[in-house]
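Undergrad: Sharing a structure here in structure tokens format.
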Amino acid sequence: MNRSLQRNWIAIALGVALLAVPLLALGLYVLDKHRWAEQRLAEVEPRYARLAGLANSGDALDKADAAARARIEAYAYPAAQDLTQAGNDAQQRARSIFTQAGLQVVSSQVLPAKDEKMFDRIPLAVRLSGELAQLQQALVALSQQTPAILIDAVVIQSFGDVRAESVQLLSGQFNLSVLRAKQ
């Protein structure tokens, strides 16, 4: 009986071993998946934290976006306005500023628009003549315009005799531009 008991114990041990091998393999598989999931969580956690931070600061971002849009509207013509209309409006505003300052506008021209990243740049060329004080007054008025009229280049020349008792006359060309938003 000793041998028979020994065989039974061996058979039971082999049966338990056969059952333990798949359980051990399953345990190793689960452990491997657990490590993989922890690694993926470690990779995703910074992204999730950034997204959670953005979600929590949504109101502040909305306010900043509205402020940025307001600044763009003060600086550039809206995208809804036609390029030709924007150019003509800027030309009329520039002519008005120079004539109100007492300068004589000899000619003004709207040039073809140039493509920039988020804007269309509409160049203007204005030739004028007048006195230095009038020119200074016009420059102050130009700096206060909305949408902004940008000064790209200025060429000023004096003409006539330079005398201390008389006001010096100037002639010049202003290369101006305005921006129109694309979106």
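The values are calculated or read from the model by the stated rules, or taken from the named source; none is laboratory data. Since the model is a prediction, treat every value here as computed from it, not as a measurement. A quick note on method: Cβ atoms are made from the backbone with ideal geometry, for glycine too, and the neighbour counts reach across all protein chains shown.
Undergrad: Would you be able to tell me the number of residues in the stretch 33-51 that are under 38 Å from the mean Cα position of the chain (by Cα) and among the basic types (Lys, Arg)?
TA: 3
Undergrad: Just to verify a result, which residue in the stretch 110-140, among those that are closer than 18 Å to Ala181 by Cα and of a type in the set (A, V, I, L, M), is modelled with the lowest pLDDT?
TA: So, considering only residues that are closer than 18 Å to Ala181 by Cα and of a type in the set (A, V, I, L, M), the one modelled with the lowest pLDDT is Met118.
Undergrad: Give Ala90, Ala70, Ala66 a once-over and let me know the one that is small (Gly, Ala, Ser), crowded, with 17+ Cβ neighbours inside 10 Å and within 26 Å of the chain's Cα centre (by Cα).
TA: Ala90
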